[in-house]
Every structure is written in structure tokens, then in C-alpha cells.
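Enquirer: Okay, here's the structure, questions in a sec.
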Amino acid sequence: MNATNDYDVIVVGGGPGGSTVAGLTAMDGHRVLLLDKDTFPRYQIGESLLPATIHGICAMLGLREEIERAGFVRKGGGTFKWGTNPEPWTFSFAASERMAGPTSYAFQVERTRFDTMLLDNARRLGAEVRQGHRVLGAVRDGPVGRVTGVRYGDDTGRERLATARFVVDASGHGSRLHHEVGGSREYPPYFRNLALFGYFVDGHRMPAPDAGNILCVAFPDGWFWYIPLSETLTSVGAVVRQDAAARVQGDPEAAYTGLIRDCPLVAEFLAGATRATDPPYDRLRVRKDYSYDRTVLWGPGMVLVGDAACFLDPVFSSGVHLATYSALLAARSINSTLAGLVPEDRCLTEFEARYRREFALFRDFLVAFYELRTDERSYFSHASRLTGDSGTDSAAFVDLVGGVSSTDFSRKLVGEVLAEGAQLQLRGMLGEAAGAEPPMFPGGLVPSPDGRRWLVHDV
Ligand SMILES: Cc1cc2nc3c(=O)[nH]c(=O)nc-3n(C[C@H](O)[C@H](O)[C@H](O)COP(=O)(O)OP(=O)(O)OC[C@H]3O[C@@H](n4cnc5c(N)ncnc54)[C@H](O)[C@@H]3O)c2cc1C
């Protein structure tokens with residue numbers, strides 16, 4: 001095995017999580033190696049984004065303007081046919097006074113292009129990016145010691161070794177590298193779904209201003225997403241409950257057609273459309289999208305971000321947000337430790353606490369949202385009742401999207417979640433002018449003025 005150079009940071013995986021952590025650590029002056037087993041552009045699902053990714057993380061990476069110019073479909077919110085309300089209802093990111101303003105939109109993206117832009121940006125920021133390099137496992141000091149690097153197969157198939165102060169596992173849901181930090185992946189009983197998805201050309205569009213929204217439509221066996229990716233291309237996916245998954249086992253094409261037939265609104269939107277024929281959109285794909293969490297998210301010298309760490313049902317498009325947010329938290333931790341500002345375990349404790357909090361807020365909100373499908377009342381009025389919001393019902397819903405705990409539907413909690421998302425966007429837009437933030441937890445750390453490190457809070 002040939003040893004290669006030594007690095008400060010090795011990032012495994014060049015998806016949104018990996019490119020973000022590589023970019024933010026390279027910006028801090030560190031020697032960063034990013035390895036991905038695939039060659040980009042590569043296909044990935046997860047096309048509907050949230051505002052904090054664009055205006056927060058991408059702005060911090062210096063990529064926001066390029067994304068704005070890329071021609072992605074602008075997403076002002078979401079339209080849902082969900083619950084017993086027979087009519088579709090729409091929420092707009094601008095409906096909440098906490099989110100209103102110039103950053104109250106996101107984009108629907110072709111991940112082949114979006115992920116390549118992020119990866120190229122990581123390279124521009126100084127990371128050494130090697131594609132076609134598959135990581136095989138971590139290397140450590142002794143059998144249970146600190147992780148000190150990775151073994152990988154290069155693009156000629158030769159096995160190699162690279163060492164670093166930190167290894168970041170951003171290798172997504174399918175890799176097994178996450179086992180290296182110990183603990184286990186846990187599959188809670190909720191959100192045990194299976195997704196079957198494909199692409200159409202010339203599907204119907206909702207009228208302005210909702211034409212760019214994600215449309216989510218519940219039907220007896222689950223729900224459909226309908227995401228406009230361009231004027232003509234639409235991503236259409238069925239998320240099928242575990243008890244109906246047998247429908248998808250045999251002939252996926254027949255199952256897909258049957259599921260669309262069972263969902264009248266989606267069938268109507270696709271009445272004049274044809275299946276896409278150009279790769280990578282020319283075939284159906286199936287993904288078990290069971291939600292999972294991990295008992296351990298980091299160990300000495302190694303940290304997990306994005307789907308490598310945890311995954312949530314896609315109904316609120318939280319995947320890329322959680323991947324890039326956890327990458328930001330990990331980058332702060334690595335940068336501060338390497339700069340000798342804060343000890344590693346304190347940084348990574350802060351990383352874990354913030355990451356788990358954000359994940360739990362989305363999870364608890366989703367649990368409530370799924371339960372509401374059987375409720376007699378429409379979701380907006382539920383949201384209004386739950387939050388006690390004095391504004392419109394739709395504003396209450398947008399507030400609720402920010403996160404609601406199953407035990408505490410209080411405005412305080414809703415406000416806290418939105419405060420974090422809004423803070424991310426503010427920092428992305430204003431940089432150091434965003435000013436100091438209070439700690440999220442008593443005795444916790446605070447971000448540095450440039451947002452890339454942790455600092456000890458002076459009381
Ligand atoms: C059905 C479904 C619908 C979804 N819809 C949405 C949505 O609308 N919006 C949204 O935000 N999210 C959505 N998601 C979630 C989204 O796909 C993920 O959360 C997101 O891609 C995670 O990013 P990541 O960087 O953690 O991992 P990934 O994007 O998976 O990137 C991981 C990278 O690691 C590489 N890799 C893997 N193993 C190795 C190895 N051993 N060595 C080197 N490289 C390796 C892979 O090639 C890949 O490039 C959806 C998910 C599913 C299943």
C-alpha cells in the first residue's frame with residue numbers, strides 16, 4: 001500500500017455535505033483532501049431545497065451568485081394536498097414575517113448540476129478533489145485509538161493510504177464508513193417508506209406565483225412529490241408506506257403507472273406529459289427512504305455529516321439543509337480545534353448538540369404532520385391552533401415548518417427554530433456584519449464573526 005501525503009482534513013464524499021465541509025475548512029487555510037468514489041456529474045435524488053441552504057451556506061461558500069445565475073427553478077414555497085381538505089393549499093416562505101424579505105425563496109435543482117457546482121467550488125477554495133477514489137475504511141492509532149486517516153482505492157484500483165488530523169464521513173446513506181465511530185444506526189418506527197421515482201417532460205405547471213413550488217399530494221398508499229426542475233422537466237416520486245410496499249416489488253413500471261393512477265391530481269398534471277428519455281432521467285429508481293439516526297456522531301479524529309449521520313423522510317425537503325448545516329457545524333469544530341482555540345471534544349459536543357436539535361425539530365414536526373393526514377381539520381387551521389398564531393393560517397403553517405416538538409407546540413420553540421435558520425441566512429448575507437450570536441445552550445460555544453469557527457462565549 002502506498003502512503004500519500006498527509007492532510008489536515010480528509011473528507012469522504014463530494015455531495016453537498018462533503019463539498020461544504022471541504023470548502024469551509026479549505027477557506028480557513030487547511031490542507032484538505034476530498035475523495036469521492038464517483039465521477040461528477042453524478043445523479044442524486046433530493047432536488048427541492050430550503051432557503052437557508054442558498055442564502056446561508058452557499059453565500060458563506062461564495063457560491064450564491066453563481067447559483068442565482070444557474071437558471072434553476074425558483075421555489076417560493078410548497079403546495080400540499082394533504083389531510084382531509086379536498087383543495088390543495090399553499091405555503092409561501094414569504095408568508096411568515098420571520099422569513100419575509102429578499103431571501104424568502106429557494107431553488108429546485110438538478111442535483112447533477114448543483115452538486116458539481118458545489119464540488120468545483122470546494123476545489124476553487126483550495127481542496128484537493130479526487131474523483132473515482134473509493135474509501136475502504138479508516139486507519140487509527142491502535143485498535144481503538146484516534147482515527148488518523150483512510151485507506152482508499154484510487155482510480156487505477158491501487159490501494160492507498162492518506163493521513164490527516166480529521167476525517168469527515170460525508171459518504172451518504174449507502175456507505176458503511178460511519179461504523180468507524182462506534183455506536184449504531186437506529187431505525188425508528190415512524191417513516192418506514194419506500195420511494196419510486198422518475199421524470200416527465202411537459203407536465204402541467206401550477207399558475208404563478210406557485211409554478212415553482214414543490215407539490216406534495218397524499219393518496220391512500222402514501223404521497224407523491226411533483227417538482228418542476230425546468231420549464232419542461234418534472235421530477236415525480238411516490239413515497240409508499242411500508243404496508244403498501246409490496247406493490248412496488250414486482251414490475252416497477254407497472255407499479256409507477258398504477259400509483260399515478262391512484263393519485264388523481266398528479267395523474268391530471270401528467271395527462272399531457274411523456275416520460276423523459278435523456279439520461280439520467282430516463283429510468284425509474286427505487287430507494288428505501290427509511291429514516292434513521294445514530295447513537296454516536298463523532299469520535300476522536302472523525303465526524304459524520306449529512307446522510308452518513310442521519311436521514312429524515314423527504315416531505316419537507318430537509319435532506320440537503322441538514323447535510324450542509326451539519327457540514328458547517330463540523331467545519332467550525334475542525335477549524336477551531338486546528339487553530340488551538342477550543343479543545344476538540346468541546347467543539348464536537350457543540351456540533352452534536354446543535355445537529356441533534358435541528359434534526360429533532362424537523363422529525364417531531366414531520367411526525368405531527370403525518371398524523372394530521374387522518375384529521376378532519378385542514379392543516380393550516382391546525383397550525384394556527386397549535387402555534388396560537390394571530391396572523392393568517394398560512395403564516396402559522398410556515399412558522400410551523402420551522403419545527404415543532406411533539407410535546408411542545410409553543411411559539412417559543414417555533415421562534416427558536418426560525419431564529420437559527422434566519423441567523424444562518426443573515427450570516428450568509430452580511431458576513432461579519434451579522435454581529436455576535438448568543439450561545440444556543442447554556443455554557444455553549446458561539447460562532448466567530450466570519451461564521452467558520454467556534455469561540456468560547458465570554459460572560
Ligand atoms: C426519495 C428521496 C427524496 C429526497 N428528496 C429530497 C428533497 O427534495 N430535498 C432535499 O433536500 N433532500 C431530499 N432527499 C435527501 C437527499 O438526497 C440527501 O439528504 C442529500 O443528498 C444528502 O447529502 P450528503 O452530502 O450527505 O450525501 P450524498 O449526496 O449522498 O453524497 C455522498 C457522496 O459520497 C460518495 N461516496 C459514498 N461512498 C463513498 C466511499 N466509500 N468513498 C468515497 N466516496 C463515497 C457518493 O458517491 C456521493 O457522491 C431525498 C432523499 C430521498 C431518499
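Every number here is computed from the coordinates shown, using simple stated rules; none is lab data. The structure presented is a predicted model; accordingly, all values stated were derived computationally and were not measured. Here the Cβ is made from the backbone with ideal geometry for all residues, glycine too, and neighbour counts use every protein chain on show.
Enquirer: In whole Hz and in residue order, list the ³J(HN,Hα) couplings for the stretch 440-450 that follow from phi through the Karplus curve 6.51 cos²θ - 1.76 cosθ + 1.60, θ = phi - 60°; x for Gly and Pro.
Expert: Values per residue, Gly and Pro as x: 6, 10, x, x, x, 8, 10, x, 5, x, 7 Hz.
Enquirer: Let me ask something else about it. Taking amide H positions as placed 1.01 Å from N in the peptide plane, with prolines and chain starts having none, which residues 5 or more places from TYR7, or on another chain, fall under 5 Å of its amide H?
Expert: THR163, ALA164, ARG165
Enquirer: Here's another thing I want to ask about it. Only sites in a loop by DSSP and with at most 14 other Cβ atoms within 10 Å count here; which GluC sites (Glu not before Pro) in the stretch 220-292 make the cut?
Expert: Qualifying residues, ordered by number: GLU231.
Enquirer: Compute the angle between helix 252-261 and the longest alpha-carbon principal axis of the chain, please, reported from 0 to 90 degrees and rounded to the nearest 10.
Expert: Roughly 50 degrees between the two axes.
Enquirer: Once label points are set 7 Å from the Cα along Cα→Cβ at both ARG113 and TYR190, what is their separation, rounded to one decimal in nm?
Expert: 3.5 nm
Enquirer: What is the helix-to-structure angle for 16-26, meaning the angle in degrees between its Cα long axis and the longest Cα principal axis of the chain, kept from 0 to 90 and rounded to the nearest 10?
Expert: The helix 16-26 is inclined about 30 degrees to the chain.
Enquirer: Round to the nearest 10 and give me the degree value, 0 to 90, for the angle of helix 319-338's Cα axis relative to the longest principal axis of the chain.
Expert: 20 degrees
Enquirer: Taking 8 Å as the Cα distance limit and 6 or more residues as the minimum spacing, I'd like the relative contact order of the stretch 1-133 as a percentage. Before the final figure, lay out the partial values.
Expert: Values: 205 pairs, mean separation 51.0, N = 133.
Once normalised by length, the contact order is 38 percent.
Enquirer: I'd like the distance between the alpha-carbon centres of the stretch 5-35 and the stretch 52-71, rounded to an integer number of Å.
Expert: Taking the Cα centre of each part, the stretch 5-35 and the stretch 52-71 sit 19 Å apart.
Enquirer: For the chain, taking Cα atoms only, what is the radius of gyration to one decimal and the Dmax to the nearest whole Å?
Expert: 21.6, 65
Enquirer: Right, next: Using amide H atoms built in the peptide plane, which far-off residues or other-chain residues are under 5 Å from SER175 H to H?
Expert: Long-range HN contacts for SER175: none found.
Enquirer: Follow-up question, since we're still on this one. I need the shape label for the stretch 41-168. Rule: rounded when a/c is under 1.5, else prolate if a/b > b/c, else oblate, with a, b, c from the alpha carbon gyration tensor.
Expert: Cα axes put the stretch 41-168 in the prolate bin.
Enquirer: Taking θ = phi - 60°, what integer Hz values does the Karplus form 6.51 cos²θ - 1.76 cosθ + 1.60 yield along the stretch 423-430, in sequence order, with x for Gly and Pro?
Expert: 5, 4, 5, 4, 5, x, 7, 9
Enquirer: Quick one: compute the contact order of the chain, relative version, from alpha carbon pairs under 8 angstrom and 6+ residues apart, as a percent.
Expert: Once normalised by length, the contact order is 20 percent.
Enquirer: For the chain, what is the percent of antiparallel DSSP beta bridges, rounded to the nearest 5?
Expert: Here the share of antiparallel DSSP bridges comes out near 70 percent.
Enquirer: According to a simple spin-label model (label point 7 Å from Cα along Cα-to-Cβ), what is the distance in nm between ASP202 and ALA246?
Expert: In this crude label model, ALA246 to ASP202 measures out at 3.8 nm.
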